[in-house]
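Accompanying notes for the structure given below.
What follows is calculated from the coordinates using simple rules that are stated; it is not laboratory data. This is a predicted model, so every value here is computed, not measured. Methodologically, a virtual Cβ is constructed for each residue, glycine included, from the backbone with ideal geometry; neighbour enumeration extends over all protein chains shown.
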Amino acid sequence: MSEEKQVKVHVDKVNKSYGDNHVLRDISLDVNQNEVVVMIGPSGSGKSTFLRMLNQLEKPDSGVIQVDKYDISDPKTDINKVRENIGMVFQNFNLFNNYTVLENITLAPVQLGKMSKEEAKKKAHELLEMVGLPDKADVSVNSLSGGQKQRIAIARALAMNPDVMLFDEPTSALDPEVVGDVLDVMKNLAQSGMTMIIVTHEMGFAKQVADRVVFFESGKIQESGSPEQIFNAPKNARLQSFLSKVMEA
Ligand SMILES: Nc1ncnc2c1ncn2[C@@H]1O[C@H](COP(=O)(O)OP(=O)(O)OP(=O)(O)O)[C@@H](O)[C@H]1O
Ligand SMILES: [Mg+2]
């Protein structure tokens, strides 16, 4: 029996404009369960808009978006149910700074009735272990470094037991010396089989961790393929030019 790949995220011919600015043009992309897709491309090419649409922080003008069995482009779909299964990590953490680490991680699963307070605490301690910050449960988020905050933001997203994790430039706001700590957590997560879609400028990380690299430019997927193909044998002229700029930086 051949093993069927399970499509976790299905995007078909999605378009999005802000006024006259046609930001996403007929984007189609399928992401399989356990797959790690890294999105690269110049500023303004539509990467964040695309990720935000997967979580319905933005609505597409046309096209189909399915996450698991849910059609999130259908207005009848309960988007809160879908969102519970999609974890999102942003450049600027979006944590509650005046709360403790434990409060940040346990808040959503308890409030949404996914877990009892005790279960959520137990899970939070496991996640803190996983992100390498087991002794930070009771400190205020205020007191943490950027790299620590981002690892807490990842733990918070994982507390909901998501099926898919979205990352929008998770290391761009960090001091260079702590970027590796966050990337290591993401590598472990990838190895554990999490389905991940990651926007990043960390090309070394992309080469190492991505199953597939997708190049966005001018609101289109100009090329996609294995890291070897994208980095060693890019076909698209705009991708070649983009890589020559980021690689010399
Ligand atoms: N809420 C909004 N209202 C109006 N225009 C927007 C909005 N969000 C994004 N845009 C525009 O959409 C285009 C794509 O932006 P987006 O943030 O998706 O790009 P990006 O590829 O993530 O860029 P960067 O690498 O700088 O993060 C840009 O021209 C941007 O100005
Ligand atoms: Mg962006």
Check cross-link reach from K114 to the aspartates and glutamates: straight Cα distance under 18 Å, and skip same-chain residues fewer than eight apart. D78, E84, E103, E126, D163
Could you work out how much longer the chain between D138 and D30 gets when fully extended? Use 0.36 nm per residue separation minus the Cα distance between them, nm to one decimal. 34.9 nm
Crossing angle, helix 146-158 versus the chain [Cα axis fit, 0-90 degrees, rounded to tens]: 90
Could you bin all the Cα-Cα distances of the chain into 10 Å bins starting at 0 and give me the percent of pairs in each, rounded to whole numbers? 7, 30, 35, 22, 6, 0
Give the angle, between 0 and 90 degrees and rounded to the nearest 10, that separates the Cα long axis of helix 176-191 from the longest principal axis of the Cα atoms of the chain. 90
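Under the classification rounded if a/c is under 1.5, otherwise prolate if a/b is larger than b/c and oblate if not, where does the range 36-124 fall, given a ≥ b ≥ c as square roots of the Cα gyration tensor eigenvalues?
Oblate, since a/c reaches 1.5 and b/c is not below a/b.
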Quick check: the angle from helix 117-130's long axis to the longest principal axis of the chain, C-alpha only, nearest 10 degrees? 60
At R0 = 41 Å, FRET efficiency that the Cβ-Cβ distance of N97 and K235 yields, to 0.05: 0.35
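Counting only DSSP beta bridges with both residues in the chain, what percent are antiparallel, rounded to the nearest 5?
Percent antiparallel among DSSP bridges in the chain is about 55.
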